[in-house]
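Report on one structure; see the data block that follows.
The values are calculated or read from the model by the stated rules, or taken from the named source; none is laboratory data. Everything numeric in this text was worked out from a predicted model, so none of it was measured. Counting neighbours? That spans all protein chains shown, and the Cβs are built from the backbone with ideal geometry, glycine included.
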Amino acid sequence: MFSPTKADMSAHVICGGLTFEGVPVELREKVAFREAQLPDALVQMKTMLNLSEAVLVSTCNRVEYFGATTQPDYAAAAWPDFLRRFHAVSEDFSHLSFQMCGPSCVEHLYAVASGLKSMVIGETEVLGQLKDAYQVAQSHGQTGKWLNRLFQSSFAAAKSVRTNTAITRGHVSVGSVSVELAEKIFGDLRKCRVMVIGAGDTSEKTARSLLGHGVHSILVANRTYERAAALAVALRGEAVHWEEWEDHATNVDIMISSTSAPHYVLTQDKLALLLKRRERRPLFLIDLAVPRDFEPSINLLDDVFLYDIDDLQSIAQTHLRERQTEITRSMEILKPHVERYMEWAGRQTSESDSSGGSRGPVSA
Amino acid sequence: MHDRLWLFLATLGYLASAGWGLYALGSRRELANRGTFFLIAGAFVFHTVFLHQRGEAIQHCPITNLFETLAFFSWSLVLTYLVVGPTYRMSILGAFTAPIVFLINFFALAAASQIDLPSSVPHLGWQLELHATLALMGLGVLGVAALAGVAYLIQERQLKRHVLTTWFYSLPNVGRLERVQQLVLFWGFAIFSAGSVLGFFIPHHGPDDWVKIVWSAAVWALYAALVIVLALGRLSHKKTALISVAGYVFILLTFWGINSLSEAHVFPHEG
């Protein structure tokens, strides 16, 4: 229930909480909110922190609140107590929590939404998490004009950063770099057939990344057929006997290898013979094994693209560095968005003041 | 307005397009590629106005001297780009097309500036116009195939060397580049072949123009061999791109010389 009062006309937007930057996961996990807990937590938090509006964001990397209040200092002081009480823990989070108010808070949310404050700079998952958190708060009537405007504008600001910078460009994990390279070689992956040689964890993750991008089919070959069969089931693929993998290799476009063989599984001479039996189309080889499974000179063959684990990790690191260099440019792009919000907030306050405090929302 | 001014404006437009295209390649901004396309399209309008006015003035397809031939040749290259670019989402090829077209037009304006309207154009009928138009159009289409080949080689080199520059993200994937290059190569060869064959049916007096015939036959044989081994699947994508680019470099380097030496393909000029 909302009713207008004079007190809320000069409401501050505030935020605070715990992030991966200053709080270890052992502590963050103690105060993380499950989705089902959020409606109740929002009600309790609004009361304890004396907020007129509230949004609670709980992800694996951060537990943060956003609110509108006339008493920012009171809310900041009450936040650690709220965490302690709600989660029934004894830790004191007051020295671990950050607190922000006004333009700093607005800038913080916009930066979080843009992925600038994520563990992996530029990741876009956090934007979806913010949208979900806002959706929960809004659907339970915990937001009003201040936070509605703040969150909606943060989504627009994040879009602007993504469009105008390279903050999301380039992948930063071995799996996603492999997918990116495959897309640059083949374009559409839906026609690509993948073969996984060896049933290692990294090759499974890489195969899963490719599967997530719609590759046509996956074959798994391993010295132990049972392991190949188990991985094939997990990847919705087909297992082949170790002795037959070379025959099947003539029909695949991407080969991922991570065997523990002490020698090369595939040499240049052997591949040259395979290529003669193969249609003329590119072959992408991903060698995740140490020692390597594919002879490096294979890369000299036309239409064959060979990447080992160091190549992939090096590209991922380069992308990460490039993303970090985009942070300054991204913050510049966010500035006018922050200013626009603050101007709007200023107009709301002055309009409310001149109308005798009849417009602002405040929690019952 | 003197018709040359239109070509001058078009050439300036292609220069601007080349600069913008280079920026677009390194900018990592999707919208920048569209800028290249629209700049080239704008310059193409001026280019077309020039050819139209020149055609009106001589009552003939404007391919009566080296100046006009170069302008028509570059025009057909741009026309092919304007069709291929949006059709296959290859607008980025404009970054490669614009500099080549600028250089051809610049050469036409600078080196061939002394050549102007022909004083007498013998009426040789539609066969001559169709022969020359198709042959030049074919060369223009083969030019775009070569430019797609250049883009392929750049992208392939980056993938092979594991050095991913900003161009890596701007250029299309090698699969699409290879498909477009081959498709355009087939079309270019077909159009050039049709134009060349038509040349044998043009009624003419005097000795045969052996310089042009031998040159055309050499170009045709090169591309015929390329197309045949491609169709048979005997050549790697890299070698296909290399031969396509090398073939076109040969055309660009010899085209003006052959046309200068070719007596039957030159009309008397004013002034």
- prompt: Regarding A:Thr250, is this residue in contact with a helix residue (DSSP H, G or I) (Cβ under 7 Å, 6 or more places away or on another chain) and over 24 Å from B:Glu178 (Cβ atoms)?
  reply: no
task: Give segment A:326-344 a look and list any residue that's within 12 Å of another protein chain (Cβ to nearest Cβ) and either modelled with pLDDT of 95 or more or surrounded by fewer than 19 Cβ atoms within 10 Å (Cβ to Cβ) (or both), or say none.
output: A:Arg329
Pairs with Cβ under 7 Å, 6+ apart, first in segment A:144-166 and farther than 16 Å from A:Gly67 by Cβ and assigned by TED's automatic domain parsing to the domain that holds A:Cys15, second modelled with pLDDT of 95 or more and surrounded by fewer than 18 Cβ atoms within 10 Å (Cβ to Cβ): A:Phe155/A:Lys131
- prompt: Only one residue in B:Leu103, B:Leu139 is modelled with pLDDT of 80 or more, closer than 30 Å to A:Phe186 by Cα, part of a helix (DSSP H, G or I) and not small (Gly, Ala, Ser). Which one?
  reply: B:Leu139
- line: When A:Tyr134 is run through (1) at pLDDT below 95; (2) under 30 Å from A:Gln37 (Cα atoms); (3) in a helix (DSSP H, G or I), the failure sits at (1)
field: Of the criteria (1) more than 9 Å from chain B (Cβ to nearest Cβ); (2) surrounded by fewer than 16 Cβ atoms within 10 Å (Cβ to Cβ); (3) out of contact with any helix residue (DSSP H, G or I) (no Cβ under 9 Å at 6 or more places or on another chain), which one A:Thr267 fails
entry: (3)
query: Can you tell me which residues in segment A:242-263 are of a type outside the set (Gly, Ala, Ser), in contact (Cβ under 8 Å) with a residue 12 or more places away in the chain and in a helix (DSSP H, G or I)?
result: A:Trp242, A:Glu244, A:Trp245, A:Glu246, A:His248
- request: Return the residue satisfying two criteria in turn: it lies in segment B:67-89 and is crowded, with 21+ Cβ neighbours inside 10 Å and of a type in the set (A, V, I, L, M), and of such residues it is farthest from B:Leu39 (Cα to Cα).
  value: B:Leu70
- line: Picking from A:Ile167, A:Ile185, the residue that is facing another protein chain (nearest Cβ under 8 Å) and either over 21 Å from A:Glu238 (Cβ atoms) or surrounded by fewer than 21 Cβ atoms within 10 Å (Cβ to Cβ) (or both) would be A:Ile185
- prompt: If you take the residues in segment B:145-177 that are at the interface with chain A (Cβ under 9 Å from one of its Cβ atoms) and touching a Pro at 6+ places or on another chain (Cβ under 8 Å), which one is farthest from B:Gly26 (Cα to Cα)?
  reply: B:Gly175
query: If we scan segment A:211-230, do we find a residue that is part of a helix (DSSP H, G or I), touching a helix residue (DSSP H, G or I) at 6+ places or on another chain (Cβ under 6 Å) and assigned by TED's automatic domain parsing to the domain that holds A:Ser178?
result: no
- prompt: Which residues, taken from segment A:158-176, are part of a loop (DSSP other than H, G, I, E, B) and hydrophobic (A, V, I, L, M, F, W, C)?
  reply: A:Ala166, A:Ile167, A:Val172
- prompt: Given the structure, is A:Arg236 surrounded by 15 or more Cβ atoms within 10 Å (Cβ to Cβ) and part of a loop (DSSP other than H, G, I, E, B)?
  reply: no
message: For the condition within 14 Å of chain A (Cβ to nearest Cβ) and either closer than 27 Å to B:Gln155 by Cβ or modelled with pLDDT under 90 (or both), what is the one hit in B:Leu31, B:Leu15, B:Leu22?
response: B:Leu31
